[in-house]
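No value in this document is a laboratory result; all are computed from the given coordinates. The shown structure was predicted, so the numbers you read here are calculated from the model rather than taken from an experiment. Cβ atoms come from the backbone with ideal geometry, glycine included; neighbour counts cover every protein chain shown.
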Amino acid sequence: MVTQAKLPRSNGNISGDAEVLSATMEEKMGLPDKTRFEQLVLPHLDAAYNLARWLTRDVHDAEDVVQDACVRALKYLGSLHGSDGRSWFLTIVRNAFYDWLGRNRPSEIVHDDDAIDAAVDHAALDPQQTAVRAAELQGLAAAVAALPLQYREVLILRELEELSYKEIARVVDIPVGTVMSRLARARGLLQRSALLREVALQSNGSER
């Protein structure tokens, strides 16, 4: 099934970003903090960019968000207790994204799940709309990108970054039950996606 395909990862200029960060750390941090940052945070730069890319839906905006998140991580490294740098850093990335969103796309911020559901049109697109949308957006990635933000973020954290429900709850700052509910709704929306139905029809037609 199309909805069971593995989501593609989004990779930015990770090596270049790491070099810039290393140079920045040499100027702003002592050796112990620099070493700790390199060990606990930099290994998750790929995951950070991937999350930012799926949330912003734009390569350059994602880079801006990750750069902001890295600056914050450098500043608040002392608040990282233990060795779980991944969920700690992804929480910072998410917070940096929402700050960016508030400045650039405030209309996309929706806090209530009922309001999120109300914003989603569950009806199938008419043939003309489907053709236009299918021409602009491709497959599963397009369907995921079309999900409401609050559903998209938990789906990416679960399916791509493979975080546990508890880890997602910490990153997104919501109860575990809400994480599970949003994941179920996200998957349900994908199953009913007109875009995926169009992809499936095209795929079936090409096999005949």
*Under the Karplus relation 6.51 cos²θ - 1.76 cosθ + 1.60, θ = phi - 60°, what is the ordered set of whole-Hz ³J(HN,Hα) values for the range 90-96, x standing for Gly and Pro?*
5, 5, 5, 4, 4, 4, 5
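Can you give the FRET efficiency for Thr35 and Arg103, using 1/(1 + (r/R0)^6), R0 = 41 Å, r = Cβ-Cβ distance, to the nearest 0.05? Walk me through the numbers on the way to the answer.
Details: r = 34 Å, r/R0 = 0.82.
Working from the Cβ atoms, E equals 0.75.
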*Karplus (6.51, -1.76, 1.60) ³J(HN,Hα), θ = phi - 60°, over the range 154-161, in Hz, Gly and Pro reported as x*: 5, 5, 5, 4, 7, 7, 9, 8
